[in-house]
Amino acid sequence: MKPTFEKIEPGFGSSFRVLHHTEPDTCWMYWHYHPEYEIVYVPRGQGKRHVGHHVSAYDDGDLVFMGPNLPHLNFSHGVVGDFEEIVVQMQEDFLGPGFLQRPEMENVRRLFERAKQGISFGGETKRRIGTELEKLVSQPPFERLLTLLSVFQQLASSADATALNADTYSLDPNGRDQERINRIYGYVDRHFADAIDVQEVASLAGLTVPAFSRYFRKMTQMTFTDFVNEFRITQARKLLMTDRPIAAVADESGFNNLSHFNKVFRQRTGQTPGAYRRGLRMAS
């Protein structure tokens, strides 16, 4: 699962790029990176959030700000049904060299630095900023720029921000660690429905099992077991949108024990699989 480089060019007459998608991406997987910063806003719905080493699910839309060369999966990956997404992409110096060094931009400069970890925003911030981002789609260039600057300032002061990757980890898409992590992630993505042999994964990383366990926790801030369970629960959430029996959902997600599936699902979501499915149906 080596990340693909994406070349991004701003539209004519603009120093940054705004995209509005209304259908899920048809690619089976699009794990990619680019040197631009990126804001992704999904107004509603459920999907997978995979940014750097962070893997989780979003349930009620999403708002994420990502820094340069931070590999991430398309936010529409695995989405069933309606989908809408607004994406804003810009270089760090899109308003000229030294733009972020101006004294008025101090808070925004810190925001851009934090974005290198990937930041997720929730609550009132997501709702308020979402409304602003929706304006970008149809605004003329000057008003669009003013709106984007306002978005940066509001994100910089938000209390609803969550870092998605460890403070101490610096992602390098061409580095040895990233290649190793990509092999591990690719293996889990292909085999999450099977019984995963840690020895085989450790060998794939060129490590002994104890060394692999320490390495994976250092790089991702979670155990390998927790990572696999998170991956499987994300898949289960997708399958619960269908009419499959819950036992079949558990099996297809890699849980060969229904009671264990129920326990892990509740730990991750705060709900039983049945309650989660009922909530989906009430919302549709």
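Structural remarks
- DSSP beta bridges confined to the chain are antiparallel in about 95 percent of cases.
- The loop-placed chymotrypsin sites (Phe, Trp or Tyr not before Pro) in the stretch 27-125, going by DSSP, that have at most 10 neighbouring Cβ atoms within 10 Å of their Cβ come out as 28.
- The fraction of accessible area contributed by carbon and sulfur in the chain is 49 percent, rounded to a whole number (1.4 Å probe; ligands and nucleic acids excluded).
- Relative pair counts by distance (%), Cα atoms of the stretch 35-132, 10 Å bins: 15, 46, 30, 8, 1
- Whole-number accessible area per residue in Å² for the chain, which is evaluated in the context of all protein chains at 1.4 Å: 49
- Relative contact order, percent, the stretch 75-216 [alpha-carbon distance under 8 Å, six or more residues apart]: 20
- Kirkwood Rh (inverse of mean 1/r, distinct Cα pairs), the stretch 206-276, angstrom: 13.0
- Neighbours of residue 136, meaning other residues whose beta-carbon lies under 13 angstrom from its beta-carbon, give a summed charge of -1 when Lys and Arg score +1 and Asp and Glu score -1.
- The stretch between residue 163 and residue 6 holds 54.2 nm of extra length on full extension. This uses 0.36 nm per residue minus the Cα-Cα distance.
- Taking only the Cα atoms of the chain, the radius of gyration and Dmax are 19.6, 58 Å.
- Computed with the Debye formula from one identical point scatterer per Cα of the stretch 109-163, without solvent, the log10 of I(q)/I(0) at q = 0.15, 0.16, 0.18, 0.27 Å⁻¹ comes to -0.43, -0.49, -0.61, -1.09.
- Computed lengthening from residue 134 to residue 195, 0.36 nm per intervening residue step minus Cα-Cα distance: 17.6 nm
The values are calculated or read from the model by the stated rules, or taken from the named source; none is laboratory data. Please read all numbers here as calculations on a predicted model, not as lab measurements. Neighbour counts run over all protein chains shown; Cβ positions are idealised from the backbone, glycine included. Just the protein is used for accessible areas: all its heavy atoms, side chains included, with ligands, DNA and RNA removed. Shrake-Rupley method; radii C 1.70, N 1.55, O 1.52, S 1.80 Å.
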